[in-house]
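S.K.: I have a structure here, written as structure tokens, and I will follow up with some questions on it.
The values are calculated or read from the model by the stated rules, or taken from the named source; none is laboratory data. Since the structure is predicted, the reported quantities are computational estimates derived from the model, not experimental observations. FYI the Cβ positions are ideal-geometry reconstructions off the backbone, even for glycines, and counts take in every protein chain you see.
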Amino acid sequence: MIRAEAVDAMEFPELSQKFRVQGVPQTVINSGKGVVVGAYPEQQMLAEIMRAVQN
């Protein structure tokens, strides 16, 4: 199961700093075990999620 939350980087600057947001959209997986900046194709996003959950 995957749980996702959307956070506005401008409204939550403490989270932006914590996860070093440099571009939008930025997807943080498992509290930073995986990070994707920009819009990724579905297969690449799935591959990054799988990599992050294995660490």
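S.K.: If we keep just the residues of the chain that are in a helix (DSSP H, G or I) and charged (D, E, K, R), which is nearest to the chain's Cα centre (by Cα)?
M.R.: So, considering only residues that are in a helix (DSSP H, G or I) and charged (D, E, K, R), the one nearest to the chain's Cα centre (by Cα) is 48.
S.K.: Can you tell me which residues in region 19-51 are polar (S, T, N, Q) and either in contact (Cβ under 8 Å) with a residue 24 or more places away in the chain or more than 14 Å from residue 6 (Cβ to Cβ) (or both)?
M.R.: 22, 30, 31, 43, 44 - these are the residues of region 19-51 that are polar (S, T, N, Q) and either in contact (Cβ under 8 Å) with a residue 24 or more places away in the chain or more than 14 Å from residue 6 (Cβ to Cβ) (or both).
S.K.: Determine whether residue 48 is of a type in the set (D, E, K, R) and at pLDDT below 85.
M.R.: no
S.K.: With the requirement that a residue be modelled with pLDDT under 85 and surrounded by 10 or more Cβ atoms within 10 Å (Cβ to Cβ), what does region 1-31 give you?
M.R.: Residues satisfying the conditions are 22, 24.
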